[in-house]
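Here the structure comes first, spelled out in structure tokens, and everything after it is commentary.
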Amino acid sequence: MPAADPLRDLGVRGAQDGGEIRVWSENATGIDLCIFDGKDPSYADTTVPLNRDANGVWSAVSQDLTPGTYYALRARGPKGATHAFDPKKNLLDPYARGLARTSSGEWRGYVQDDAFDWGGAVKPDVPLDHAVVYEAHVKGFTKLHPGIPEELRGTYAGLAHPAAIEYLKDLGVTTLELLPVHQSVSEQRLQKMGLINYWGYNTLNFFTPHAAYATREAQTGGTGAVLREFKQMVRGLHEAGLEVVLDVVYNHTAEEGRAGPVFSFRGLDNASYYRQDAAGQYIDTTGCGNTVDFSRAVAQRLVLDSLRYWANECHVDGFRFDLAATLGRGVGAEFDPQHPLLLAILDDPSLAGVKMIAEPWDVGMGGWQVGNFPAGYSEWNDGYRDRMRNFWLRDVASARAAGGLPSEGIGSLARRLAGSNHVFALERGPLASVNFITAHDGFTAWDLVSYDQKHNIGNGEDNRDGSNDNKSWGHGVEGPTTDETILATRRRGIRNLLGTLLLSAGIPMLTAGDEFGRSQRGNNNAYCHDSELTWLSWERDEWQQELLDVTRHLMELRRENPALRPVRFGRFGETTPSATQMDWYNKQGLSMSLEDWDSPSERTLQYLAASTPEFEDFNRILLVVHGLETNVTVTLPAHEGVTAYTLLWDSSHDDISDRVPEHVPGEVLPVGPTSILLFRAH
């Protein structure tokens with residue numbers, strides 16, 4: 001018989017005589033289970049000693065471990081620089097599936113009632129080439145929505161309300177990526193300043209939904225009510241055909257630096273769970289005070305078990321791994337793309353079909369690993385972000401200031417437009433790239449075109465926090481203005497950014513609110529603001545409604561034109577199924593020369609893309625990109641098999657209904673300043 005899995009069934013599981021708890025600690029010399037009085041979770045009325053096996057797993061069976069029971073652990077162990085045992089400290093079970101707080105603010109685990117009727121709802125299983133990711137905050141998305149009942153705003157239930165779902169479906173996104181929903185707490189520093197960690201990147205426990213995002217009814221509704229509301233949200237979104245991806249933070253925990261609070265891991269086995277040197281100093285590759293040591297099998301298993309729980313018992317569709325380079329660091333803290341955890345996530349049959357998205361960096365040595373993750377992960381592509389911002393903003397600003405040309409041409413934009421094959425290996429294809437212009441951290445899209453500098457004074461750090469390298473441009477004025485010329489140029493700028501994002505090969509990720517020009521008043525690090533600064537406003541000016549209509553139209557164009565959505569990179573001289581045959585022309589309609597690609601004088605490009613279909617009809621498009629603030633004329637390329645071009649979109653115009661839509665190869669066409677035109681080729 002195969003040997004029993006030594007790390008099986010950690011946490012609490014039902015047993016014939018109540019429940020069994022299993023907890024891992026290599027260095028503890030004793031662990032007790034404390035059962036708390038049901039009416040007073042601060043008073044332990046039963047203590048049960050746990051027994052250790054040869055693999056460091058401590059376990060006990062108790063008739064009191066039934067749904068609704070509050071419990072904690074107390075661990076004893078050796079003294080020493082790398083240890084932090086305190087037998088008086090009540091600790092959370094790392095696998096607790098329910099959490100509650102005492103009147104004094106301490107945390108307790110409780111045995112979860114996880115029964116739920118999924119009602120036949122199934123995962124939408126959106127193919128990656130059809131996916132459009134929408135990054136949103138559970139509370140911020142619905143807090144001000146007038147169509148959602150007030151008691152549901154800012155909650156899981158609010159996100160599954162028909163008004164929220166109708167908006168997402170009408171917009172055209174397929175995949176809702178939620179900022180962290182694991183139970184989190186605010187750092188001590190923020191609490192002392194009267195601020196909170198609004199984004200939630202400070203995880204307390206990897207198996208429980210953040211209770212504050214549940215309705216008041218669920219928060220007071222007894223065992224399992226918060227979890228049921230989370231599952232009801234997932235079920236409702238699935239019934240509408242929308243996927244749910246969770247932003248997960250496994251790289252560090254809320255226990256902060258060595259002098260931080262003790263909630264769980266530090267008290268159970270500090271020497272094993274966290275990276276540290278022999279003197280007990282933490283090796284921090286996350287910038288958050290501590291780093292989970294993923295050279296350890298138990299830390300790897302913790303992540304895998306958490307992913308399995310959320311994917312299979314809570315039915316979520318995928319995960320975005322915060323600071324994923326940390327998950328791939330081995331014994332020497334060096335990143336290894338073949339790290340056992342990175343491969344195990346992909347190879348786990350119980351996670352088959354689950355979308356895996358890496359934020360492919362951290363702040364440690366060798367932390368930038370874009371393009372280096374194993375096939376099967378998609379990665380946030382910050383090179384795409386930076387080049388698109390530079391092309392449409394900083395390059396143009398530089399050219400205006402110098403009265404001439406920018407320092408870069410169009411070649412680096414073209415490579416990223418076509419899927420960043422200079423970054424991702426041929427076998428991984430363009431869907432390895434998650435393209436984004438903005439994310440939760442950084443400027444919103446409207447602020448990118450409205451500010452040269454960050455304005456983070458409200459964060460309480462004298463404007464030191466947040467990136468100084470935003471590649472933004474206020475178009476001549478810092479922040480709000482009534483100058484209609486500047487406002488019109490800003491609106492064209494944001495259309496160019498969103499148009500590039502949604503018409504590029506790869507997986508587009510849109511940040512909530514960018515589709516209608518949401519502003520955070522120049523704050524590029526609004527993580528500590530739970531207010532109207534970070535909540536979406538549903539009152540829109542006319543120009544914002546026009547921008548929303550443009551975004552919706554761009555998503556429709558992406559759906560309708562598979563040439564914009566290649567699955568594979570093509571090979572020169574071959575026909576690759578589900579790739580795109582790409583031809584590149586300059587403004588004269590001639591094939592791009594080597595000199596054209598990177599010459600600063602060449603800022604106009606024509607990109608003819610033809611699909612090589614497997615599952616959809618043949619499709620061919622022409623994308624014209626012009627990156628200077630001057631008018632230009634282009635000669636539409638004469639290409640074998642193309643007899644006509646139909647104009648589908650022009651970023652230099654709010655409305656193209658009065659434009660002549662039909663054109664022919666060889667025709668000379670005027671193109672407005674800094675603009676994108678999309679044609680269907682026939």
Hey, any idea what Rg/Rh is for the range 55-156, computing Rh the Kirkwood way over Cα pairs?
1.11
Taking a label point 7 Å from the Cα of Glu313 along the Cα→Cβ vector, which residues of the range 228-242 have an amide N closer than 18 Å to it?
228-235
Give the Rg (one decimal place) followed by the Dmax (whole number) of the range 259-407, computed from C-alpha coordinates and expressed in Å.
19.2, 64
Per residue, in Å², the accessible surface of the range 211-261 once ligands and nucleic acids are set aside, probe 1.4 Å:
31 Å²
State, to one decimal in nm, how far the label point of Tyr43 lies from the label point of His553, with both points 7 Å from Cα in the Cβ direction.
6.9 nm
If each of Ile656 and Asn463 carries a label point 7 Å out from its Cα toward its Cβ, how far apart are those two points in nm?
4.1 nm
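With a probe of 1.4 Å, find how much accessible area the range 1-94 has per residue, and write the answer as a whole number in Å². Write down the numbers at each step before the final one.
Values: 4810 Å² over 94 residues.
I get 51 Å² per residue for the range 1-94.
How large a share of the accessible area of the range 93-188, in percent, is made up of carbon and sulfur atoms when the probe is 1.4 Å and the other protein chains stay in place?
Working: 1700 of 3430 Å².
Ligands and nucleic acids excluded, carbon and sulfur give 50 percent.
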If you take the Cα atoms of the range 35-103, find Rg, then find the Kirkwood Rh from the mean of 1/r over all pairs, what is Rg/Rh?
0.98
Over 12 Å, how big is the tail of the calculated P(r) for the range 145-187, in percent of all Cα pairs?
66 percent
Counting only protein heavy atoms and a 1.4 Å probe, tell me what percentage of the range 235-379's accessible area is made up of carbon and sulfur.
54 percent
Near-label residues of the range 436-473 by backbone N, under 18 Å of a point 7 Å along Cα→Cβ of Trp368
436-439, 442, 466-472
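Hand me the chymotrypsin sites (Phe, Trp or Tyr not before Pro) from the range 547-618 located in a DSSP loop with no more than 10 other Cβ atoms within 10 Å, in residue order please. Each step should come with its number before you reach the end.
On the way: sites: Phe569, Phe572, Trp584, Tyr585, Trp597, Tyr607, Phe615, Phe618; in loops: Phe569, Phe572, Phe615, Phe618.
Within the range 547-618, the qualifying chymotrypsin sites (Phe, Trp or Tyr not before Pro) (loop, at most 10 other Cβ atoms within 10 Å) are Phe572, Phe615, Phe618.
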Size of the dipole of the range 516-659 about the Cα centre, Lys and Arg at +1 and Asp and Glu at -1 on the beta carbon, nothing else charged, in debye to 20?
360 debye
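When the helices in the chain are scored as -39500 (n - 2.57) per DSSP H run of 4 or longer and the sum is shared across all residues, what 222 nm value do you end up with, to the nearest 500 deg cm²/dmol? If you can, show how the numbers build up before the last one.
Numbers: 16 runs with 144 residues, N = 682.
Taken over the chain, the calculation gives -6000 deg cm²/dmol.
State the extension gain, in nm to one decimal, for the chain segment bounded by Ala54 and Asp170, taking 0.36 nm per residue of separation less the distance between their alpha-carbons. Write down the numbers at each step before the final one.
Numbers: separation 116, 0.36 × 116 = 41.76 nm, distance 5.66 nm.
Length gained, Ala54 through Asp170: 36.1 nm.
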Out of the DSSP beta bridges found with both residues in the chain, what percent are antiparallel (nearest 5)?
70 percent
I'd like to know how the range 384-493 sits against the 2.2 N^0.38 Å rule of thumb: what's its Cα Rg over that expected value?
1.21
XL table Lys39/Lys79; Lys89/Lys231; Lys143/Lys355; Lys169/Lys355; Lys39/Lys89; Cα-Cα > 26 Å flagged, in table order, is Lys39/Lys79; Lys89/Lys231; Lys143/Lys355
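Keeping every protein chain present and rolling a 1.4 Å probe, give me the accessible area per residue for the range 568-682 in Å². Intermediate results must be reported in sequence, preceding the final value.
Working: 5500 Å² over 115 residues.
For the range 568-682, the per-residue accessible area is 48 Å².
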Rounded to the angstrom and largest first, Cα extents along the principal axes for the chain equal 85, 57, 52
If you roll a 1.4 angstrom probe over the protein chains with everything in place, what fraction of the accessible area of the range 418-563 belongs to carbon and sulfur, to the nearest %?
44 percent
Expressed in nanometres to one decimal, the distance between label points 7 Å along Cα→Cβ at Ser295 and Glu106 is 3.5 nm
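The values are calculated or read from the model by the stated rules, or taken from the named source; none is laboratory data. No experiment lies behind these values; they were computed from the predicted model shown. Ideal geometry is used to build each Cβ from the backbone, glycine not excepted, and the neighbour counts take in all protein chains shown. Protein only, heavy atoms only, side chains kept; ligands, DNA and RNA dropped before computing areas. Shrake-Rupley method; radii C 1.70, N 1.55, O 1.52, S 1.80 Å.
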